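Chemist: Submitted below is the structure of interest, expressed as structure tokens.
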Amino acid sequence: MTLPYFVIDAFAGERFTGNPAAVVLDADGLDESTMLAVAAEFNLSETTFVLPPQRNGPGNDRSPHVRFRWFTPTTEVSMCGHATIAGLQALHEAGRVRRTDPAGGERVLIETKSGTLAGFIEPAPGNGSALMFWLDLPEPLLSQHLLPPDELAKALRLGMDAFDAQVPMVRTQDGDVLVFVRSFQALNDSRPDFPILAELLIRERLRGLSLATVNTVTPSVHVQSRFFAPHMGINEDPVTGSVHGPLAAFMVSRGMVPIHDGLSGLTCVQGIPGGRTGLLHVLVQSKGDNRFAARIGGRAITTMRGELVLS
């Protein structure tokens, strides 16, 4: 049994940047334990397994075209942005999505554990040979979630004065907590104690922690961040797509970025100090009553393709 696979850098302007994810096509013959073993073998932050949809119905415009399951090296997750972008790139490269827009765009409906997600593939502005991949995220749902400041400072190895006291901590619908620091220097200086941070996140029933600042190194970037999820098998993720919808919606709701005619566009950077960095674009649309829709986008570049041999 052999299956085609890809390794793709998502949210990457050039190869070997952004966040790499593996994508395995035709995975409907794999059971969950095999998927987990394959994800551990790739040993990337996430592996996408592409399967036929289970909720497909004839003549329904909202019927999914495909189903995605995402695995870290240690567990299945219910939402992953960069691995979805990678999955769209793999489907496009394999010729498995059809053009649905006269201008050349493609729309893919994806069945996931977080519901049906809409992905879009279109020519990149100013570069007809390059593609942009967009993903409509589930509606951001935010609630206050205060972590003990002394424990948080210890886990992140930061001083108490590093945190931005004017911006409250909030929890996202994916179980991530958003924490803002006062400066890019503080963001860059954090060297987490991952065992302590893992204990804190487990106790607080959180998936991960997004550490962010609006005091970026360039005015063209609205927010710069890092993401930690050590108990999920990912000490630090280079670029986390799923957290940027809630992060951007939170910033819009707090007036931290401008909004015009109900729409705000953000340029976001996430990366590991001295390591991989990626660029994301986020569109946030106000739906009234402090509700928002979020769409994330970026480039994706294939760096490997081959066959997974399972028998």
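Chemist: Take the residues in segment 256-280 that are within 15 Å of residue 245 (Cβ to Cβ) and among the hydroxyl-bearing types (Ser, Thr, Tyr), then tell me which one is surrounded by the fewest Cβ atoms within 10 Å (Cβ to Cβ).
Modeler: 267
Chemist: Return the residue satisfying two criteria in turn: it lies in segment 168-204 and is surrounded by fewer than 21 Cβ atoms within 10 Å (Cβ to Cβ), among the basic types (Lys, Arg) and over 11 Å from residue 231 (Cβ atoms), and of such residues it is nearest to the chain's Cα centre (by Cα).
Modeler: Filtering segment 168-204 for residues that are surrounded by fewer than 21 Cβ atoms within 10 Å (Cβ to Cβ), among the basic types (Lys, Arg) and over 11 Å from residue 231 (Cβ atoms), the one nearest to the chain's Cα centre (by Cα) comes out as 191.
Chemist: Looking at residue 307, is it touching a Lys or Arg at 6+ places or on another chain (Cβ under 7 Å), of a type in the set (D, E, K, R) and either assigned by TED's automatic domain parsing to the domain that holds residue 10 or not in a helix (DSSP H, G or I) (or both)?
Modeler: Working: touching a Lys or Arg at 6+ places or on another chain (Cβ under 7 Å): no; of a type in the set (D, E, K, R): yes; either assigned by TED's automatic domain parsing to the domain that holds residue 10 or not in a helix (DSSP H, G or I) (or both): yes.
Answer is no for this residue.
Chemist: Considering only segment 213-230, state which residues are of a type in the set (A, V, I, L, M, F, W, C) and within 14 Å of the chain's Cα centre (by Cα). If you could, list the steps in order and put the result at the bottom.
Modeler: Of all residues in segment 213-230, those of a type in the set (A, V, I, L, M, F, W, C) come to 214, 217, 221, 223, 227-229.
The answer is 227, 228, 229.
Chemist: For segment 14-55, enumerate the residues that are closer than 20 Å to residue 280 by Cβ and not small (Gly, Ala, Ser).
Modeler: Within segment 14-55, 14, 15, 16, 17, 19, 20, 23, 44, 46, 48 meet the criteria.
Chemist: Then there is this: Show me the strands (runs of 3 or more DSSP E) found entirely inside segment 116-221 where at least 2 residues are in the same structural domain as residue 277 (by TED's automatic domain parsing).
Modeler: Working: elements: 127-136, 176-180, 208-213.
Passing ranges, in order: 176-180, 208-213.
Chemist: Before we move on, is residue 221 among the hydrophobic types (A, V, I, L, M, F, W, C), surrounded by fewer than 16 Cβ atoms within 10 Å (Cβ to Cβ) and either over 19 Å from residue 296 (Cα atoms) or at pLDDT below 95 (or both)?
Modeler: Details: among the hydrophobic types (A, V, I, L, M, F, W, C): yes; surrounded by fewer than 16 Cβ atoms within 10 Å (Cβ to Cβ): yes; either over 19 Å from residue 296 (Cα atoms) or at pLDDT below 95 (or both): no.
Criteria not met by residue 221.
Chemist: What number of residues in segment 272-297 are in a strand (DSSP E or B) and at negative phi?
Modeler: Residues meeting the conditions: 18.
Chemist: For segment 124-145, which positions are surrounded by fewer than 18 Cβ atoms within 10 Å (Cβ to Cβ), among the hydrophobic types (A, V, I, L, M, F, W, C) and modelled with pLDDT of 90 or more?
Modeler: If the condition is that a residue be surrounded by fewer than 18 Cβ atoms within 10 Å (Cβ to Cβ), among the hydrophobic types (A, V, I, L, M, F, W, C) and modelled with pLDDT of 90 or more, then 141 is the only one that fits.
Chemist: Within segment 8-37, track down each residue that is in a helix (DSSP H, G or I) and more than 29 Å from residue 275 (Cα to Cα). Break it down into steps so the answer makes sense when it comes.
Modeler: Step one: list which residues in segment 8-37 are in a helix (DSSP H, G or I), which gives 27-29, 32-37.
The answer is 27, 28, 29, 32, 33, 34.
Chemist: Just checking, which of 72, 48, 34 is farther than 22 Å from residue 119 by Cα and either charged (D, E, K, R) or outside the structural domain of residue 234 (by TED's automatic domain parsing) (or both)? Talk me through it step by step, then tell me what you get.
Modeler: Values: 72 fails: farther than 22 Å from residue 119 by Cα; 48 fails: farther than 22 Å from residue 119 by Cα.
The unique qualifying residue is 34.
The values are calculated or read from the model by the stated rules, or taken from the named source; none is laboratory data. Since the model is a prediction, treat every value here as computed from it, not as a measurement. Every residue, glycine as well, gets a Cβ built from its backbone with ideal geometry; the counts of neighbours run over all protein chains shown.
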